[in-house]
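Trainee: Below is a structure I'd like to ask you about.
The values are calculated or read from the model by the stated rules, or taken from the named source; none is laboratory data. Remember, it's a predicted structure, so these values are computed and weren't measured experimentally. Backbone-built Cβ (ideal geometry, glycine too); neighbour counts: all protein chains shown.
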Amino acid sequence: MTLEARITTLHKLRPAADAAAEKTGPGVASLDARADAVAAIAASCAATVDRDARFPGEAIAAARAQRLLGIMVPRELGGEERSATDIVDVCYRLGRACASTAMIYAMHQTKIACLVRHGRNSAWHERLLRRICAEQLLLASSTTEGQGGGDIRSSAAAVERNGSRIGLERRATVISYGAHADGIVTTARRSPDAAASDQVLIAFLRDDYVLEPFLAWDTLGMRGTCSAGFTLKAQGEIDQILPVPYEKIHQQTMVPLAHLTWAAVWTGTAAGAAERAQNFLRHAARQANGQLPPGAPHFMKATSALRTLRGMLASAVRSYEAAAQDERVLASLDFQTMINLTKVEASELSVAIVLSAFRACGLSGYRNDGEFSVGRSLRDVLSSPIMINNDRILANVAGAALLSALPASVQN
């Protein structure tokens, strides 16, 4: 998107956003209105974003206009100090409109959460957080590398140090929206002689690196995330390394926020499909003097499963927020198992919901050229079980599950 086109988009967005904020008032309601304004733009462009596998520039410009990119940052650094619950809700609202836009937002906010929690004692990272709020910078993530695939607790590329300067070259098989981001937050081995699991997290800004593409992004769904593979060649200052070992960041922030926000995206995608099924059934009933089509029971399955999924996600977010300041709880087997299984269950259940909505719509859901099409939702949500593969997660938590006692009552 050109600068001129972005400015035009922002001017169109502001009157509607201002009116929505004025109507709903301050606080959470105004955040809802801002998120819905972005979702409306995302929905209007979702079909072309998917068809052309292009970055949702209009929606991200709208998020910048609504100043949604830095809302988790503390107020003293220029943000709104929003909670995980707020972020999850924005991801859900965006997911109903465009899964690619929502996933980009979720990944960005996961990086912001890592900087907020683990970079507060670093002057460099605090300056970065101020810039994110002031300039509405978009951060991408680079944690997938080489043959390791989704094993983000193992890095091949290592930080090279030369006095106060650092260098990094890593072959990243996926950097979602990397070519469109203002910065990249990446994992790396602490040093060339460090173990693969002895990792750090580093924030690089656009002027610090070059990206050399080597793997294209032509996929079934989530096409707008533009998750191509790049060789990342970066140079920077040693202060750009977060002062906390990645092992802690992974347990306390990266995994919980990623799984919760991703689950919110998939839940929103499922809700959007269920809404199209509802609209189809209402339309069909009007055309048939009140008689429901044969797919109606599948809509009931979809809404029942959606209620379960939303409840599970809300419970997981509450658990995370209750434990957020207790490192012992966050590192516990019970919490880590819960947050990992939330990802697994959310991904599986969201696929089931979209399939039920698809069957409720019948041929109208199968078509790509009608208002009741569920094709894009189905293709997008099918990414969820393989985005950090569920089989990998289940294999990793199986041992922990054997060590945990089964609950003795429904209250525990």
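Trainee: Just one of the numbered conditions (1) out of contact with any helix residue (DSSP H, G or I) (no Cβ under 7 Å at 6 or more places or on another chain); (2) assigned by TED's automatic domain parsing to the domain that holds P192; (3) of a type in the set (A, V, I, L, M) is not true of M107; which one?
Mentor: That leaves (2) as the condition not met.
Trainee: Give the residues of the stretch 374-388 that are assigned to a helix (DSSP H, G or I) and closer than 25 Å to I152 by Cβ, sorted by residue number.
Mentor: Of the stretch 374-388, the ones assigned to a helix (DSSP H, G or I) are 375-381, 384-386.
Of everything in the stretch 374-388, those that are assigned to a helix (DSSP H, G or I) and closer than 25 Å to I152 by Cβ turn out to be R379, D380, V381, S384, P385, I386.
Trainee: Let me ask you something else. Got a sec? Which of P256, P243, P293 is closer than 19 Å to L139 by Cβ and not in a helix (DSSP H, G or I)? Working first, answer last.
Mentor: Details: P256 fails: not in a helix (DSSP H, G or I); P293 fails: closer than 19 Å to L139 by Cβ.
Exactly one residue qualifies, and that residue is P243.
Trainee: When you check A194 against the structure, is it modelled with pLDDT of 95 or more and either in a loop (DSSP other than H, G, I, E, B) or among the charged types (D, E, K, R) (or both), yes or no?
Mentor: Values: modelled with pLDDT of 95 or more: yes; either in a loop (DSSP other than H, G, I, E, B) or among the charged types (D, E, K, R) (or both): yes.
Yes; evaluated as a whole, the condition is true for this residue.
Trainee: Considering the stretch 357-375 alone, what residues qualify as being touching a helix residue (DSSP H, G or I) at 6+ places or on another chain (Cβ under 6 Å) and touching a residue at least 60 places away in the same chain (Cβ under 8 Å)?
Mentor: Hits for the stretch 357-375 are A357, F358, R359, A360, C361, S364, G365, F372, V374.
Residue-wise test of (1) part of a loop (DSSP other than H, G, I, E, B); (2) over 25 Å from G224 (Cβ atoms).
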{"residue": "R328", "(1), (2)": "no, yes"}
{"residue": "E348", "(1), (2)": "no, no"}
{"residue": "V354", "(1), (2)": "no, no"}
{"residue": "S364", "(1), (2)": "no, no"}
{"residue": "F372", "(1), (2)": "yes, no"}
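Trainee: Taking only pairs six or more apart or across chains, which ones have beta-carbon atoms under 6 Å, a first residue in the stretch 228-240 that is over 17 Å from A216 (Cβ atoms), and a second residue that is in a strand (DSSP E or B) and acidic (D, E)?
Mentor: Final answer for the pair search is K233/E169.
Trainee: Can you tell me which residue in the stretch 107-150 is surrounded by the fewest Cβ atoms within 10 Å (Cβ to Cβ), limited to those that are within 18 Å of the chain's Cα centre (by Cα) and assigned to a loop (DSSP other than H, G, I, E, B)?
Mentor: Filtering the stretch 107-150 for residues that are within 18 Å of the chain's Cα centre (by Cα) and assigned to a loop (DSSP other than H, G, I, E, B), the one surrounded by the fewest Cβ atoms within 10 Å (Cβ to Cβ) comes out as G150.
Trainee: Now for a different question. Any residue in the stretch 246-254 that is polar (S, T, N, Q), without any contact (Cβ under 8 Å) to a residue 12 or more places away in the chain and more than 24 Å from Y177 (Cβ to Cβ)?
Mentor: no
Trainee: Still on this structure: Which residue pairs have Cβ atoms closer than 8 Å, lie 6 or more positions apart in sequence or on different chains, and pair a first residue in the stretch 317-336 that is free of Cβ contacts under 8 Å to residues at least 40 places away in the same chain with a second residue that is among the aromatic types (F, W, Y)?
Mentor: S319/F335; A323/F335; V329/F335
Trainee: Can you say whether A179 is small (G, A, S) and out of contact with any Ser or Thr (no Cβ under 9 Å at 6 or more places or on another chain), as far as the supplied structure shows?
Mentor: It is true that A179 is small (G, A, S) and out of contact with any Ser or Thr (no Cβ under 9 Å at 6 or more places or on another chain).
Trainee: Scan the stretch 95-106 residue by residue and report those that are over 10 Å from the mean Cα position of the chain (by Cα), part of a helix (DSSP H, G or I) and under 13 Å from A62 (Cβ atoms).
Mentor: Residue satisfying the conditions is A97 alone.
Trainee: Same structure again: So, A400, is that one assigned to a helix (DSSP H, G or I) and closer than 21 Å to K248 by Cα or not?
Mentor: yes
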